[in-house]
Amino acid sequence: MKKLISLILAALMALSLFAACGKSDNGGTTDNKDNAEVTGTVSTDGSTSMEKVIMSLGEAFQADNKGITVGYNPTGSGSGITAVSEGRCDIGLASRALKDDEKASGLKETVLALDGIAIIVNPENKVSDLSIEQIAKIYTGKITNWKDVGGDDAEIVLIGREAGSGTRDGFESITDTKDACKYRQELTSTGDVITTVAGNPNAIGYASLASVKDTVKALSVGGVAPTEATVSDGSYAVQRPFVLVTKDGTELSAAAQKFFDYATSAAAADVISAAGAVPVSK
């Protein structure tokens, strides 16, 4: 009889332990599959203008997702689009909208934010405002001296981005100067443009508003200063989207999907704003 009672007690204890394993701390049932921690690496590749935004998003995301690492390869928009098309990264980064042929090839764009393209000069430059028409004439060589737009008597030095840059594509599309710009230098990153303009009192360039530092001066365009508010309401004319590029029909990894969902959610809006861009999800 004692042996029988011991067996019954042991069975009851085993059942109790089994039931406890199926409960969470708050008394609810736990689905181990749903609550399993997602781990892995997310590879992003593309726009150098999106560096501040994507790095800020990655840092905030990783703080709450310890098992996921978000990588960023600053190769330029064109290279990022090619990388995702060829399956060499999870998410491409483009500082321009996808073209029709890119969409036709199976690529999909998701607008993450809006960004102003700041027209920048050296802080010593007296000019503070230019119209779109004046900017176009400067970059196509029809205006070559700063004195013709209210500045000193000095030759204008034109700084721009390399072919394939989303910033260049956006700038030339808005100013209607595609394939007509007379660049003195074509640089491969936003940072290089800012550094070059900061070091030359006669230079003019264009760069992501989100990346502009106090080493350069951002001009008003048509009397409108480039700010988050003027980009958001559309009054600042020189602006473009920041785009996440994925391949239609190709499923993201669990880690990449989780980062994508976070980046495009309202929860990321404050992070994007703090990085200098205008979030589309608020």
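Please work out whether the chain counts as rounded, prolate or oblate from its C-alpha gyration tensor, where a ≥ b ≥ c are the square roots of the eigenvalues and a/c under 1.5 means rounded, while otherwise a/b larger than b/c means prolate and anything else oblate? It comes out prolate by the Cα gyration axes.
Full extension of the chain between A63 and A225 yields a length gain of 54.9 nm, computed as 0.36 nm times the residue separation minus the alpha carbon distance. For the set K52/K108; K137/K282; K142/K247; K99/K126; K108/K282; K66/K217, the pairs lying more than 32 angstrom apart at their alpha carbons are K137/K282; K142/K247; K99/K126; K66/K217.
Name the shape class, rounded, prolate or oblate, that the alpha-carbon gyration tensor gives for segment 43-119, where a ≥ b ≥ c are the square roots of its eigenvalues, rounded holds for a/c under 1.5, and otherwise prolate holds if a/b is larger than b/c and oblate otherwise.
Oblate.
For the pair segment 171-208 / segment 92-124, the C-alpha centres are spaced 16 Å from each other.
The trypsin sites (Lys or Arg not before Pro) of segment 108-138 that meet both conditions, a loop assignment by DSSP and at most 16 other Cβ atoms within 10 Å of the site Cβ, are K126.
Sort segment 116-239 into rounded, prolate or oblate with this rule: let a ≥ b ≥ c be the square roots of the eigenvalues of the Cα gyration tensor; rounded if a/c is under 1.5, and if a/c is not under 1.5, prolate when a/b is larger than b/c, oblate otherwise.
The shape class here is rounded.
DSSP bridge analysis restricted to segment 118-252 gives an antiparallel fraction near 55%, rounded to the nearest 5. Between the residues G40, L219, I138, the greatest Cα displacement towards the positive end of the dipole of the chain, with unit charges on the Cβ of Lys, Arg, Asp and Glu, is found for G40. Membrane-span-like helices in the chain, defined purely by DSSP H runs whose alpha carbon atoms cover 15 Å or more axially and whose average Kyte-Doolittle hydropathy reaches -0.5, are 2-21, 51-64. Residues of segment 157-188 with an amide N closer than 19 Å to a point placed 7 Å from the Cα of T144 along the Cα-to-Cβ direction: 157-160, 180-186.
Here each label is just a point 7 Å from Cα along the line to Cβ, and for K213 and E251 those points are 4.4 nm apart.
Each value in this text was obtained by applying a stated rule to the coordinates, not by laboratory testing. Keep in mind it's a predicted model, so treat the numbers as computed, not measured. As a convention, Cβ positions derive from the backbone with ideal geometry for all residues, glycine included, and neighbour counts pool all protein chains shown.
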